[in-house]
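See below for the structure under consideration.
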Amino acid sequence: MSSGFGEVTFLSFTTRYHKSTVGGWSSGTGAAGVGGSVIYTVLTLYLTPRVAILLQVALPILMGVAYLFLLTTPHQQVAKLDRDIIVSSEDEKSIQLQSLDGKMLSTKVTTGIRIKSAGAWLGAQTRSIPTLFRYMVPLFIVFAAEYMINQGLFELLYYRNTSLGTWCLDGHLQYRWYQVVYQVGVFLSRTSVIIFQMPFYWVLSLLQVANFQLLFCEAIYGFIPSFWITIFIVLFEGLMGGAVYANAFYYITKQVPAVNREFSMGLAAVADSLGVVTAGFASIGIHNYICAV
């Protein structure tokens, strides 16, 4: 719950800062995944999983410290949810809002000017929801597919006689390295949005579905001869998931009007959470089906 609330809150909060903040958020969350998975994997080589987790319990406190002492105060507010609208200085132009009674309110909007109409604000946000489906649907699909892989298939993808240097990779270690390599892929692709963007990122969500189908068949039939080939597929999985996530939110900041942007970022974040929840329930059936085959 804390992760879900935090993602929605902080993604919405990025609209109050420079647009490059979304790239920083995407890269930072990707780096956190790599750091957490690597630390856990290394610690469990020498410690029990219980001790390894207990050693990391204090890490979330750093997020609170960063928020309170490192995060700067935003210089502008894009949308204030107290029945007023405040528009960013970069979007000084005429806008048209639709109130609940269907009347159109046209006004010249400049920095600091408040539009005193709860109906106008609610109508504008509600009517913007269908335009968000082009961001939300790819997010839902890619997260549902990749978490069905992570939660339903990883533990079933086991290869005998596999080693990494002097370590013999049993089923437990193989599972942990799947997680590490997946997070590396997520980090690389989420960071890439700072350098280049992919307008047709929705295609990657379909490739993620293909990834799931491939690994689902592998879990049943075992036709892939090597752990290292599967590791490459898992890396590709992370790249696809991270790219869709980063580019979807990047294009929200570029394409959604400022008055709707904060609301849109929070709502779009719900789509990936729904994908994860859906994958969690589906993974129970997927795992049981494969084990029964």
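The values are calculated or read from the model by the stated rules, or taken from the named source; none is laboratory data. What you see is a predicted model; the values in this text were computed from it and never measured. Here Cβ is always computed from backbone atoms with ideal geometry, including for glycine, and neighbour counts include all displayed protein chains. Protein only, heavy atoms only, side chains kept; ligands, DNA and RNA dropped before computing areas. Shrake-Rupley method; radii C 1.70, N 1.55, O 1.52, S 1.80 Å.
For this structure, a couple of remarks:
- The packing ranking of peptides 151-161, 131-141, highest mean first, is 131-141, 151-161, where packing means the average number of other beta carbon atoms within 10 angstrom of each residue.
- Cα-based shape type of the range 154-234, given that a ≥ b ≥ c are square roots of the gyration tensor eigenvalues and the cut on a/c is 1.5: oblate
- Cut-off 19 Å, label 7 Å out along Cα→Cβ of Leu71, residues of the range 265-293 by amide N: 265-270
- Separation in nanometres of the label points that stand 7 Å from Cα toward Cβ, at Leu122 and Leu45: 5.8 nm
- Relative packing of 221-230, 185-194, 8-17, which averages over residues the other C-beta atoms within 10 Å, highest first: 185-194, 8-17, 221-230
- Computed over all pairs of different Cα atoms, the Kirkwood value for the hydrodynamic radius of the range 122-256 is 16.0 Å.
- Accessible area per residue in Å² at 1.4 Å probe, computed on the range 161-293: 46 Å²
- Shown in residue order for the range 208-217 are the 3J(HN,Hα) couplings computed by the Karplus curve 6.51 cos²θ - 1.76 cosθ + 1.60 at θ = phi - 60°: 5, 4, 5, 4, 4, 4, 4, 6, 4, 5 Hz (x for Gly and Pro).
- Phi angles across the range 231-243 convert, under the Karplus curve 6.51 cos²θ - 1.76 cosθ + 1.60 with θ = phi - 60°, into 3J(HN,Hα) values of 4, 5, 5, 5, 4, 4, 4, x, 4, 5, x, x, 5 Hz, Gly and Pro given as x.
- Cα gyration tensor shape for the range 184-293, rounded if a/c is under 1.5, else prolate or oblate: oblate
- Highest mean first, the peptides 50-57, 202-209 sorted by other C-beta atoms within 10 Å per residue fall in the order 202-209, 50-57.
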